[in-house]
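The values are calculated or read from the model by the stated rules, or taken from the named source; none is laboratory data. All values reported here derive from a predicted model rather than from experimental measurement. Ideal geometry is used to build each Cβ from the backbone, glycine not excepted, and the neighbour counts take in all protein chains shown.
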Amino acid sequence: MNRVFIKTYGCQMNERDSEAVGALLRARGYCIVASEEEADVVLLNTCSVRDQAEQKALGKAGRLLRAKRTAAANGTQAPLLGIIGCMAQNKGHALVDSLPDLDLIVGTQKFHQVPTHLDHIMESLRGLGPRPSTIIDIAEEEGSQNAINGHAPGRRVSAFVSVMQGCDMHCSYCIVPHTRGAERSRRMEDIVAEVRALAAAGTREVTLLGQIVNRYGAKEFRSSGGKSPFAQLLEKVHAVEGVERVRFTSPHPTAFRRDIVECFRDLPKLCEHIHLPVQSGSDRMLRAMRRPYTRERFLRTVDALRDACPQMCFSTDIIVGFPGETDADFAETLALFDEVRFDMAFIFKYSTRSGTAAAALGDTVPREVKEARNNMLLERLGAFSLARNQSLVGTEQEVLVEGRARRGEGVFMGRNRGNRKVLFPGTADMEGRLLPVRISRATTTVVFGDVVKH
Ligand code: 5AD
Ligand code: SF4
């Protein structure tokens, strides 16, 4: 009864949290398995950013609970089910109303308690204690992120490191400040110690994670010599021996100051790719979204980054169909998209989240209009992505080999510094190495090549 399957929805922060919960469970004698069929316990680590994300997890939970009831009626055992993370935090007790047979609901500040709660349930199943009804643990807890960090799972070529949690920005559409709480940052020494431990275990690339990562330490620590706490952190992580590449995600355009731009010029391990969510190209929409920058200011940041680092690749998030978005507003988004020529973008159709400021504005843009705007952006994105990938054909790219690719025998996968996926024939001993790969062919999503033997 100790096999746990964790299914993760949503962002990289969730992936990192799932890894950390998995590591804590392993340390407690549980075994993390790769599919729900093998599992005694299924944990859904959920996302609340859009309604669709919640519906997906709710649908999954509903199916699992029906299977559990059928199994119980047949006298067999189906997996226990827990909902953890953002939707647990967002919906809390209301989840039990729609899913009364849930075993566990654990919020974003209580991940570290998952093993203890599971232990209780297991004990009760072995007849060693009373059977709890749904355990609900969604309280806020100071320092909670320290409790799940530093538990590096086994060897990983590329690893996420959480540096801060929460968000104080209150963009009008966003549920994250509610699900993740106020901004709080880990101590620099703890982060650097985690990165050192990862490097010692074979990690070559670290991605520093935070909801608004460039505001790292803004509340807790001081600027020094004109450098914000985040720039100081980047320098410290950059100095860790064994780490060959540094990335971070996601920064906010507002807090993107000169000192961070200069890091791209001065820190060679910092890779030339940046995910900079713009959300809209219309100043009117940015104001309604409560994003405290203008399109002009955003474009100036892009220019500054390109000046510091001409090879810089940009990706972004865009919301289409925010309440009140007109064709003219959307045309500004398209124009901005063309001007920056984003290599990658996540395009979201606006989804009302109750409890956010924008919920009062209704959902005024018809679904077909959102769909059409979404498709227009996707089309452009496809063209830009393909053009960028084709421009790599014939060049030699530095690739960090992550492991076997899913397609084909002997095919390996890695990323170039611009975060493009590169596929090439390889051997297991290449894993974890930085190798030159000559690119021979490109599609929209991936490039193919061969390792160059110097
Ligand atoms: N509707 C649609 N997209 C949203 N995002 C956040 N909230 C919403 C919402 N209510 C998008 C933003 C953000 C990304 C993580 O999700 O683009 O950057
Ligand atoms: Fe949400 Fe805005 Fe904070 Fe990003 S910066 S998490 S979009 S409130």
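Annotations for the structure displayed:
- Test: residue in segment 23-46 that is over 27 Å from THR352 (Cβ atoms), aromatic (Phe, Trp, Tyr) and buried (at least 19 other Cβ atoms within 10 Å of the Cβ): yes
- When every residue of segment 369-391 is checked against the conditions, none turns out to be among the acidic types (Asp, Glu) and outside the structural domain of THR294 (by TED's automatic domain parsing).
- The helices (runs of 4 or more DSSP H) falling completely within segment 153-246 that include 3 or more residues that are more than 16 Å from ligand 1 (Cβ to nearest atom) and crowded, with 18+ Cβ neighbours inside 10 Å map to 188-200, 229-238.
- Screening ARG16 on (1) within 30 Å of ARG247 (Cβ to Cβ); (2) of a type outside the set (Ser, Thr, Tyr); (3) surrounded by fewer than 16 Cβ atoms within 10 Å (Cβ to Cβ) shows it passes everything except condition (3).
- Failed item, numbered, when ASP317 is tested on (1) under 26 Å from ARG441 (Cα atoms); (2) under 23 Å from the mean Cα position of the chain (by Cα); (3) not β-branched (Val, Ile, Thr): (1)
- Options ALA34, ALA27, ALA61, ALA53: the member that is in contact with a His (Cβ under 9 Å, 6 or more places away or on another chain) and of a type in the set (Gly, Ala, Ser): ALA27
- Every condition in (1) farther than 19 Å from LYS7 by Cα; (2) surrounded by 18 or more Cβ atoms within 10 Å (Cβ to Cβ) is met by VAL96 except one, and the failing one is (2).
- Residue in segment 416-431 that is more than 22 Å from the chain's Cα centre (by Cα), assigned by TED's automatic domain parsing to the domain that holds ARG156, farther than 30 Å from SER172 by Cα and of a type in the set (Gly, Ala, Ser) present: no
- Qualifying residues in segment 235-271 (those that are of a type in the set (A, V, I, L, M, F, W, C) and in contact with a Gly (Cβ under 9 Å, 6 or more places away or on another chain)) - the one nearest to ASP317 (Cα to Cα): PHE248
- Any hit, segment 300-311, residues being more than 27 Å from LEU392 (Cβ to Cβ) and more than 15 Å from ligand 2 (Cβ to nearest atom): yes
- Residue list for segment 430-454, restricted to those being among the basic types (Lys, Arg), over 19 Å from ARG406 (Cα atoms) and assigned to a strand (DSSP E or B): ARG438
- Close Cβ contacts (under 7 Å, 6 or more residues apart or on different chains) running from residues in segment 49-69 that are exposed (fewer than 13 other Cβ atoms within 10 Å of the Cβ) to residues that are assigned to a helix (DSSP H, G or I) are absent.
- Of all the residues in segment 258-272, those that are in contact (Cβ under 8 Å) with a residue 60 or more places away in the chain and crowded, with 21+ Cβ neighbours inside 10 Å number 1.
- Residue match in segment 389-402 (condition: of a type outside the set (S, T, N, Q), within 16 Å of ligand 2 (Cβ to nearest atom) and within 22 Å of the chain's Cα centre (by Cα)): no
- Qualifying residue in segment 390-404 (condition: buried (at least 19 other Cβ atoms within 10 Å of the Cβ) and of a type in the set (Gly, Ala, Ser)): no
- With respect to (1) in contact with a strand residue (DSSP E or B) (Cβ under 6 Å, 6 or more places away or on another chain); (2) within 16 Å of ligand 1 (Cβ to nearest atom), the lone exception for ASP103 is condition (2).
- You will find that of PHE412, PHE384, the residue that is touching a helix residue (DSSP H, G or I) at 6+ places or on another chain (Cβ under 9 Å) and part of a helix (DSSP H, G or I) is PHE384 and no other.
- Tally, over segment 423-454, of residues that are among the basic types (Lys, Arg) and within 21 Å of THR203 (Cβ to Cβ): 1
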